[in-house]
Structure formats: structure tokens, C-alpha cells
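Here the structure is laid out as C-alpha cells; the discussion comes afterwards.
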Amino acid sequence: MTPLRDSYDVLVIGGGPSGATAATLVAQQGHRVLLAERSTEPQFKIGESLMPATYWTLQRLGMLEKMQASSFPRKYSVQFYSKSGRASKPFYFFENDPHECSQTWQVLRSRFDQMLLDNAAEKGAEVQRGLSVSRVLFDDDGRAVGAEVQAEDGAKSRVETRVVVDATGQSALLARQFKLIDVEPRMRHISFFSHFRGALRDPGMDEGATLVINTATGKSWFWYIPLPDDVVSVGVVGPVDYLIKGRGGDPAATFAEELDLAPAVKARIAGAEQLFPIRARRDFSYRARQIAGDGWVLVGDAFGFIDPIYSTGVLLALKSGEMAADAINDGLAGGDLSGRQLGRFGVDFTNGMEALRRLVYAYYAEGFSFSKFLRAHPHCRRDVIMLLTGNVYREPLGDLFERLGETVELPAAPPFDPPAIAAGAATRG
């Protein structure tokens, strides 16, 4: 491990997409950035499907050529299967915009995340694997001023920094310390998943499509995501009470029972090689009520997580890392590292997040189907595709949510308090 400096301009805790993005864009401006990633090797993760709107952040990061040269399958569309097994017309992203940004990728996350970390190092960030943060340090006024860190060999040290970026994913280090997390009461889900080699892929440009396949009960759904090396990621998602209750907690048995309720999935993986035992992961949706304070800012899942139905995770990670980096760079240049400055992007970011969240609620509404909705409101197809591409930060939506609100009950926005940012409401825990 490279010896640490005594101080940095920015400490980024966590080396996922949000942390790597923030570290890259701040380091590019000549600031001293330490990115601390506790794992010593690339880690397996689900969340392999990118949304096309990631294009613009990947472009800023200098990652597009690397992605284009990769073996990651190209993704041009999303397709939905109803509980009767009927497939919708594919939602091709280029229907709205023929630009190359309307094509994206299905990625092996261990490989993709490492590419982002390597890129951060190339752009000047100091990337340290095997370095964990045990505690963020605050001064008497509640401003983040550094952290206690521990190397893989157990050696401990203190690092001073002007800004702490919490990119700790669902560990949500600071948001949980400050008790800022609100969990969505209607989105307490769990997923069971594995990878399969040799499963069926559709021909042509549909080979890399994401498929969202409802089970016959309508209580759960499967993702089907083609990956490199003839591998497909397959997982089932549903409410914890439904997928766990009365099943003895056996992931393999639960997966098999749900597979019997999804003939379209079962046929696709018949004869395929399962690469590892069925794993489980909680998919609780949540969001913090505050995105920044004096000397600290939250990015990616450390701020919030939305149900994975539309593959929003990496998009929101990249975008929050990008927006936070811009706020940090301006704050360092102007000598203002207050919560107001570091969290200035919070309202814009959460507005985009909220649009995606509301579409999630529409999907789960009893009796809702995109096909039926779009037959009644064909002009809304553009807005639906905009949301499925993740294009919530570049162009305004039309009347999609007004029309959806006539069909299903849409939720109110979760609590978010920009004035609290200005006042530095979070205190030391």
C-alpha cells in the first residue's frame, strides 16, 4: 500500500460507481483526492444493467472509448412480460433519440467497477484498496474534518481532509449515524438470484435486452440480463413477506418455486449451467432526508436506493457522484464547504430520483400494465421511454404522471429538507 499523506482535499469512502465518479472529477481539477475502498479485490455485485443516460457521465469521465472496446453486451431496449406470459412490444431507446447515447451496456459489475477505479487513478486520484474507514471525525462545530482509517495489515492512522464523500453504498455510514434514513414502507423487497451460462438469448439487437418477466401470481417478477461470456443474470424480486413466509428460508427452493410460475424464464434457462448457488439480497427502498452537511456529502446508495425494477442504481450513483463533484470543486475554489454549497444539487437530484420512484410505484400497482396504459394514452410512450433510459436530468417530461395519476395511486415525495442543509442540522453521532 502506498503511504498515506497526512491530509487531502477530499476523502471518498467507497470505491463503487458513485465514489469513483466523484473522485475522478475532483482529481481532474488538480485537487488531492484519497479514495478508500475496503475490499482488496473486485467484488461480485448485482445491478448489472446500465441505463442509457449513464452515457453523459461516462463521457465526462473519459470512459466511453473503454466501454465501446469492452466485451459488455450492447443494450438497446427493455421488454416487459405480463403475468399471463404475454410480451410487450420492446421499448427501444432510440425511438426518442437516434444518437449513440440511446445504446448502453450490460456489465459484469466487478469488471465495470474496477474499470472506473482504474480510470480514477489515471485521472489523478489516489486509490487505496484494503483501506477501511472506521470513523469520520468532526470538529466542535460539527464540520467533518477527517477520518480514522485502517489498512489491511491492521495499521491505523488519522487522515485530515476538507471534504468527506460518503460513498459507502447501502452501509450508508453517515446517514445511519445521523439517523437520516427513511425506508419505503411499501417497498420492502428481497431478491434471489444466480448467473447461468448457455441460457437463451434473443437474436439481433434484442440479444442484449433487459427482460422484466412477471410471475403468474403477479406477486413477483424476474430480471433477465445478458452478460459477457455467454452468461445471463437471472433473479426474482418480491415482497419479503411473500417470498420468505412459509418457505423455510431456503433461497434455492424459493427460486425454484417462483421459476415454476414464470414459464418464459424457465424455458430460457432450461439446460443452462448455474454458476453459483442461489443468493439472496434485501432490496429495501430508502432515502436520506439530507444529502450534505458542513464538510460532508452523500452519494449513490449512501443517500438512497430505489427498487431495481428499472435498473436505476448505477445511473443514480454516477449522476450523484458527478453532481457532488461539481459542488465540491466550486466549493474548494470559492472556499465554501458548507452544507448549503456541498448539497446544492440535492433538490435537482431528488427530483429526478422521484420521477423514477413514481414509475416504480406505477409498475407495482395492482392491475397496471404498460401495454394497457399506452393503448389509452399513446402519446405517453415518449415519456415512458425517457424514464426507461434514465433521461430525467436533461429534458422535461410531458403529462405522463398526470395520466398515470388518473390510473393508479402515486406516492407523495419522501421527506427532504434543503433548509436543514443550510443549517448543518446533522450533528455528530
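Quick one: would you say GLY169 is touching a residue at least 24 places away in the same chain (Cβ under 8 Å), in the same structural domain as GLY47 (by TED's automatic domain parsing), of a type outside the set (S, T, N, Q) and under 17 Å from ILE46 (Cβ atoms)? Yes. Looking only at the range 290-309, residues that are farther than 20 Å from VAL360 by Cα and part of a loop (DSSP other than H, G, I, E, B) come to 5 in all. Considered as a group, the residues in the range 200-250 that are of a type outside the set (Val, Ile, Thr) and touching a helix residue (DSSP H, G or I) at 6+ places or on another chain (Cβ under 6 Å) include one that is modelled with the lowest pLDDT, and that residue is ARG247.
Checked against (1) in a helix (DSSP H, G or I); (2) crowded, with 22+ Cβ neighbours inside 10 Å; (3) among the hydrophobic types (A, V, I, L, M, F, W, C); (4) out of contact with any Leu (no Cβ under 8 Å at 6 or more places or on another chain), ALA325 passes all but a single condition, namely (4).
Before we move on, is ALA264 surrounded by fewer than 22 Cβ atoms within 10 Å (Cβ to Cβ), modelled with pLDDT of 95 or more and of a type in the set (A, V, I, L, M, F, W, C)? For ALA264, the condition - surrounded by fewer than 22 Cβ atoms within 10 Å (Cβ to Cβ), modelled with pLDDT of 95 or more and of a type in the set (A, V, I, L, M, F, W, C) - is met.
Within 16 Å of GLY19 (Cβ to Cβ) and in contact (Cβ under 8 Å) with a residue 12 or more places away in the chain: which single residue out of PHE112, PHE93 fits that description? Step by step, each of PHE112, PHE93 is checked, and only PHE112 is within 16 Å of GLY19 (Cβ to Cβ) and in contact (Cβ under 8 Å) with a residue 12 or more places away in the chain.
For (1) at pLDDT 95 or above; (2) surrounded by 15 or more Cβ atoms within 10 Å (Cβ to Cβ); (3) within 28 Å of TYR55 (Cβ to Cβ); (4) of a type in the set (Gly, Ala, Ser), each residue gets a yes or a no:
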{"position": "HIS379", "(1), (2), (3), (4)": "yes, no, yes, no"}
{"position": "THR389", "(1), (2), (3), (4)": "yes, yes, yes, no"}
{"position": "ASP399", "(1), (2), (3), (4)": "yes, no, yes, no"}
{"position": "ALA420", "(1), (2), (3), (4)": "no, yes, no, yes"}
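Quick check: anything in the range 77-99 in contact with an Asp or Glu (Cβ under 8 Å, 6 or more places away or on another chain) and either aliphatic (A, V, I, L, M) or assigned by TED's automatic domain parsing to the domain that holds GLU258 (or both)? Checked against the condition, which is being in contact with an Asp or Glu (Cβ under 8 Å, 6 or more places away or on another chain) and either aliphatic (A, V, I, L, M) or assigned by TED's automatic domain parsing to the domain that holds GLU258 (or both), the range 77-99 yields no hits at all. Here PHE44 passes the criteria (1) surrounded by 15 or more Cβ atoms within 10 Å (Cβ to Cβ); (2) among the aromatic types (Phe, Trp, Tyr); (3) closer than 23 Å to PHE222 by Cα except the one numbered (1). Looking across the range 339-376, just one residue is surrounded by fewer than 19 Cβ atoms within 10 Å (Cβ to Cβ) and of a type in the set (Val, Ile, Thr), and that is VAL347. Among the conditions (1) without any contact (Cβ under 8 Å) to a residue 40 or more places away in the chain; (2) outside the structural domain of SER311 (by TED's automatic domain parsing); (3) of a type in the set (A, V, I, L, M, F, W, C), the only one that LEU64 does not satisfy is (2).
The values are calculated or read from the model by the stated rules, or taken from the named source; none is laboratory data. Keep in mind the model is a prediction, meaning the values are calculated, not measured. A quick note on method: Cβ atoms are made from the backbone with ideal geometry, for glycine too, and the neighbour counts reach across all protein chains shown.
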